Structure formats: C-alpha cells, structure tokens
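Note sheet for the following structure.
The values are calculated or read from the model by the stated rules, or taken from the named source; none is laboratory data. Values in this document were obtained by computation on a predicted structure and should not be read as measured data. Cβ atoms come from the backbone with ideal geometry, glycine included; neighbour counts cover every protein chain shown. Surface areas here come from the heavy atoms of the whole protein model, side chains and all, with no ligands, DNA or RNA. Shrake-Rupley method; radii C 1.70, N 1.55, O 1.52, S 1.80 Å.
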Amino acid sequence: MIYFIRHAESLYAEGQERSRGLSERGMEDALRVQTILDNESVDGFVSSPYKRAVQTIKPLADAMCKDIIIVEDLRERTIGNISGLSFPAAKQRVYQDFHMAFAEGESSAAAQTRGVQALERLLEEYAGMTLALGTHGDIMTLILNHFDPQQFNYEFWKSTSMPDIYKAEFEGKQLLNVVRAWEERL
C-alpha cells in the first residue's frame, strides 16, 4: 500500500522550487497528516527531494522513528516557460496534449514515465509493505493517471488540496483502489 501525501502549503518563491519549505499553515497541516496516519502501520518513508514534500511527512516519520529516503525521480514536473498563460491554463494544456512541453519544461508523458518507473521500483523493493510517499499534486496525478486515465486527469489535479492524502492499494504493480484519506479543516 502507498499513501501518496501531497505536500502542505508552501509559499511560492521564484527560483526556489527545490528549497522552499512549508508556510506556517503548512507546518500545522503536516502535524495533521501525522495525526491522521498515526495509527497506520507505515513501514517506510520515501519523498521527492523538494523540501516542502519532505517537511510534510517528517512529523509522521519522526513519530514512527523512521528515516525518509529521497528519490530524485519523484520530483515535481518542471512546467517550463509559460509566459502569456496562467498557471492553470498551462497545466490544462499539458494534460490535454501529453507529449507537448513548454520551453525548459517537461511533458506529461516524460514526467509520467519517470514517476511510474520510480513507483514500480518502490513496489518491487517494498513488496507487501506500506509506504508513505511525500509528493506533489502534478507528479502524483500523472503517476495515478498511468493506471486510470479517466479518473486521474487535469480535473483530479485541480480538485486536490495542499496537503492531501490518497491511500492506494496495489497487487504487485497493479493498482486496485484509491481512496482519499485527507480530512479537510472544519
């Protein structure tokens, strides 16, 4: 089983994609992630190298006395130079045309291949175990899209929150079921 944990709120800072951490609200929500998953039996913690993804799962990993393994190929997709387009419009475009990439960016197809290969390696290495995976909205959606393109698409990406948690059950490398586990603030 994989818990895909989308990072909590992180304030955008130009040129600091890898190093920007969580906002104050994001840190509070990381503690909520811990509370929600505290009673689950998590065997391992894996994350994108981006600070905000690591910080979101760190309270839970610390509570369970586990290290976080960084997997470079789980990094977020680089959208590239989208001048003249809004961020949502640019995202919609790369979901509509999986092979299109903006200048200095990565296509959905390329990011998906990278992410799915990383996930498949984890499913082999941790067969029968439960992992918490610190991730991002786009790469998470692209990975899940590989298994079910109808459900996991641009609209799904738009519907996710920061943070968010999806419990994905696998049999070998086959996705059986995905259930949202995040509890919204009241």
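For the chain, give the share of DSSP beta bridges that are antiparallel, in percent and rounded to the nearest 5; count only bridges with both residues there.
On the way: 11 of 23 bridges.
Within the chain, antiparallel bridges account for around 50 percent of the total.
Distance from the alpha carbon centroid of the range 66-95 to that of the range 2-30 works out to 14 angstrom. Coupling constants for the range 106-112 follow from the phi torsions by the Karplus curve (6.51 cos²θ - 1.76 cosθ + 1.60, θ = phi - 60°), and in residue order they are 10, 5, 4, 4, 5, 5, 4 Hz; glycine and proline get x.
Think of it as helices only: each DSSP H run of n ≥ 4 in the chain is worth -39500 (n - 2.57), and spread over all residues that comes to -12000 deg cm²/dmol at 222 nm. Between helix 87-96 and the chain there is an angle of about 90 degrees, using the helix long axis and the longest principal axis of the Cα atoms.
At 0.890 mPa s and 25 °C, plugging the Kirkwood radius over alpha-carbon pairs of the range 4-58 into Stokes-Einstein gives what diffusion coefficient in µm²/s? My calculation gives 211 µm²/s for D.
Where does the range 69-121 land on Rg/Rh, using Cα atoms and the Kirkwood Rh?
1.02
Applying 0.36 nm per residue to the separation of ALA181 and GLU169 and subtracting their alpha-carbon distance, the gain on full extension is 3.1 nm.
As a rough guide to protection, the peptides 44-52, 110-118, 152-160, 77-85 ranked by mean Cβ packing within 10 Å, highest first, stand as 44-52, 110-118, 152-160, 77-85. Rolling a 1.4 Å probe across all protein chains gives ASP67 an accessible area of roughly 130 Å². The range 137-186 and the range 103-125 have Cα centres lying 15 Å from one another. Accessible area per residue for the range 48-186 is 48 Å², calculated with a 1.4 Å probe on protein heavy atoms, without ligands, DNA or RNA. Karplus-derived 3J(HN,Hα) values for the range 26-38, using 6.51 cos²θ - 1.76 cosθ + 1.60 with θ = phi - 60°, are x, 5, 4, 5, 4, 5, 5, 4, 4, 4, 5, 9, 4 Hz; glycine and proline are entered as x. Here the contact order of the chain, divided by its residue count and restricted to Cα pairs under 8 Å and six or more residues apart, works out to 31 percent.
When the accessible area of the range 19-143 is computed with all protein chains present and a 1.4 Å probe, what percentage of it is carbon and sulfur?
That share works out to 47 percent.
Checking (1) 1.17; (2) 1.38; (3) 0.97 against Cα Rg over 2.2 N^0.38 Å calculated from these atoms, the matching label is (3). Computed from point charges on the beta carbon alone (+1 for Lys and Arg, -1 for Asp and Glu), the dipole magnitude for the chain about its Cα centre is near 340 Debye.
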